[in-house]
Each structure stands twice: as structure tokens, then as C-alpha cells.
Amino acid sequence: IHQPFSSQYLQFDDGHRLCNDLMGCLQERAKIEKSYGDQLTAWSKRWRQLIEKGPQYGSVERAWLAVMTEAEKVSELHQDVKNNLVNEDVEKVKNWQKEAYHKQMIGGFKEAKEAEEGFKKAQKPWAKKLKEMEAAKKSYHMACKEEKLAAAREANGKTEASVTVDQQKKLHEKVDKCKQDVQKAKEKYEKSLEELNKCTPQYMECMEQVFDQCQQHEVKRLTFLKEALLDIKRHLNLTENASYATIYRELERTILGANTQEDLKWFSNNHGPEMPMNWPAFEEYNPDQASAPPKKKKPDGAPPTPSTDHVAPPGDRSSVSSYEKNQGFSTEWSDDEQPTANSGNENGGNGNSFEDDVSTTGKSVRVRALYDYEGQEQDELTFKAGDELTKTEDEDEQGWCRGRLDSGQEGLYPANYVEPI
């Protein structure tokens, strides 16, 4: 009769399911946060290496690298978001769900069973009166039907000649009796309905009491969800995190600290007219210098370093810094769009500004370092004993070869520091 009341206990099933839905929602968001943080870290690591090996220098390079630092720190914050969602928010919902809903061995929840029994108990007295009223109504309607049939038979008997006077008298008596039965049934029906209506206020009061008990549980659930969502918002909103604002203040300070004049001065001192020059000068004859550099390590010391007078004409040396040639972009992306490796071509440029066109002469040969060597100038390679590299140009008259490390860096190295593999 009152379906909204009697179905109130179903809210317990819905409440338990909604807790599961919220936990699933948070777990998916945590995976997104982790994936984003991992991508930021991979992106920062890769581009930090490319920038450090690239031609950019000075304070602008530091400002560019600060963007990578920003990514690393923001990645850490998103990892914190992921941890907070999983370790705090999901666990909080799980624990509340466990305390609020108690499963029964036979299925369902204890709270739902108690609510269902409470509604049935509140309905029982009223339901009994309702059943009596329904029976009285049925009797009254049947009596009315019998009265109509008796009246119809009496009317037909008056028009038919075959019906005797005694038969007509009996039909008339039947009609009178049916009328009396209708009146009695009507009185009983009205009385039962009146008694039912008297019970209705108490019935409604009992039903509302059980309903209010269910609502109290629902108030707790809604209040908890509101508090949980506020905690989730606090964990997601990085703008409220003091560390987040600090990251961008530091980034802005580093970028604003870039000094064009200082960078130009540094470049001029290291690669311009103010760099130290090794001009040709008169040298006395020296038998040791006239002989070719020894190819093996001396027993009593480090191997001799070839002459550093490897001054080459313009265009015959590598650029200020070499770079990994044809370095592709990482494929670890969360969507279908992949960045292109030569975005400069889209703007009419000459390809990736970091890539140098390296031309080699002769056949490449793999060699292995016999000794450690640390480059003394920008265009010299640095390697450790045992490292392998590729010789791209043969030894010149001054004892130097051009080669390429496995990292892609090209430069000069002393020929007697390596041996063919």
C-alpha cells in the first residue's frame, strides 16, 4: 500500500554498492595520476639529457633545464596525489563501508533486514484491519450484484404469462431479502472502513518511526560522503599545496635570471675571438717529437698525449657541441598523438635544431680504448679504458683520429689510445 515506506530498506543495498563505485572511481583516478607522473619523469629525463648535450649554453640553458626540474617536482606531487587517493581516501571509504554495512550469512545486510522487519511490524495491525475491510467490501459488492439479478428476474416474471402468482411473490420476496443483505453488507463495510481509518494515524506514526531510523543511517552515509569528497578535493587540488606554488616561483626566478650579455660573453671567451689561441710558433728540433707517437703504454707511466696543435681549417671540425643524430622521441604516451621527430620541418626550418649533419670519410671501424682519456677541448672525446667507439676518420699526421661514441657524440681522440676490435 505504501511502497515508498516498505522499499526504504533497499537503500542499504544501494549504499553499499555506491561505496564500491566510489572506491573504483578513486582507483581509476589514482592510475591516471601515476601514469601522468611517470610520463612527466620520463619526458624530463630524456629532454634533460638532450639539452645538456645540445648546443644551448649558459643561463638560458639553466632556465630551460629548470623546466625539466619543474616536471620532476610536479611528477612527485602527482605521485603523492595517487598515494593519498589509494592509501587514505579509498581506505577511508572501505573502512566506513565495513562499519556501516554488515553482511549476513544468508545474504543481504543486517541493517536492511532490520528495516524490513520494522516496516512489517508497523504494518501488521493496520494490515489486519485492511484485510477485514477488503472482505467487507467484497461482500457488499456481491450483495449489490445479487440484488440487481433478483430485481431483473422479478421484472421478467411480470412480463411472462407462464410465471404464476406464487412464483412472482417469491421473486418479490427475494428482491426484498437482497435489499436487506445489501444494507447489512454496506453497514459492515462502512464500519470496517471507519475502523481502518481510525488505525491509520497510528499506523503512519509507526511507519514514520521506522522510516526515520532508516533516514538516520542515510544521513550518516551522505555526511560521510560529503566529508570524503572534501578530502578527495583537498588531495587533488595542487594549488592548495605550498610546494606547488614554490615550484613555479623557483622556475620563474630561474628564467628571469637568464642573462643574455653574460651568455654572449661566455661564448666569446670559449668559442670566439677572446678564446685562448694556439698560434704557430718557432720550435727547436726535438727527436722525441719527430718520431711517431708510441702505440703501447710505457711501463713506467701514462701513455703520451699527441700534440694538441690539431688546428683545422673552418668547416673541417664538428660544431661547438655534438648531438645524438636521428634521436627519436619516446613512444611512452598516454594518447594516440605522437610528437614528430623533426618538428622544425613543419615551419620551413632545417629539421631538429639539436641535430648536426655529421659527414664522415672512409670506412667506420670499431675500436676499444686502451687507456682513460679526458678531452682537453670542446671537440675532443672523453672515454674510459675498455670503452668501445667507432673510428670515422683515419689518423692524421699529428696522431689524431675522429670518432663517434655510442651516445652519438663525435670528436677527436689520440690514435694511440685505442686498438681495433
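The values are calculated or read from the model by the stated rules, or taken from the named source; none is laboratory data. Here the structure is a predicted model, which is why all the values come from computation and not from measurement. Positions of Cβ are backbone-derived with ideal geometry, glycine not excepted, and every protein chain shown enters the neighbour counts. Please note that ligands, DNA and RNA were not included when accessible areas were found on the heavy atoms of the full protein model with its side chains. Shrake-Rupley method; radii C 1.70, N 1.55, O 1.52, S 1.80 Å.
List of remarks:
- Matching option when the condition is within 22 Å of the chain's Cα centre (by Cα) and closer than 30 Å to R62 by Cβ, among L238, L225, L251: L238
- Within the stretch 59-78, being of a type outside the set (D, E, K, R) and open to solvent by 20 Å² or more (accessible area, probe 1.4 Å) holds for V60, W64, L65, V67, T69, H78.
- Looking across the stretch 394-421, the residues that are under 12 Å from F383 (Cβ atoms) and charged (D, E, K, R) come down to R404, D406.
- Unmet criterion (only one of (1) open to solvent by 90 Å² or more (accessible area, probe 1.4 Å); (2) among the polar types (S, T, N, Q); (3) without any contact (Cβ under 8 Å) to a residue 12 or more places away in the chain) for T246: (1)
- Residues (open to solvent by less than 60 Å² (accessible area, probe 1.4 Å) and in a helix (DSSP H, G or I)) located in the stretch 138-167: Y140, A143, C144, E147, A150, A151, A152, E154, A155, G157
- Residue check for A155: out of contact with any strand residue (DSSP E or B) (no Cβ under 7 Å at 6 or more places or on another chain), in contact (Cβ under 8 Å) with a residue 12 or more places away in the chain and of a type in the set (A, V, I, L, M): no
- Members of the stretch 391-421 found to be open to solvent by less than 20 Å² (accessible area, probe 1.4 Å), among the hydroxyl-bearing types (S, T, Y) and either under 12 Å from R366 (Cα atoms) or part of a loop (DSSP other than H, G, I, E, B) (or both), listed by number: T392
- Residue count for the stretch 249-272 under the criterion of being of a type outside the set (A, V, I, L, M, F, W, C), assigned to a helix (DSSP H, G or I) and out of contact with any Ser or Thr (no Cβ under 9 Å at 6 or more places or on another chain): the result is 9.
- Conditions (1) in a helix (DSSP H, G or I); (2) more than 30 Å from the chain's Cα centre (by Cα); (3) at pLDDT 85 or above; (4) exposed (fewer than 13 other Cβ atoms within 10 Å of the Cβ); number of the one not met by V182: (4)
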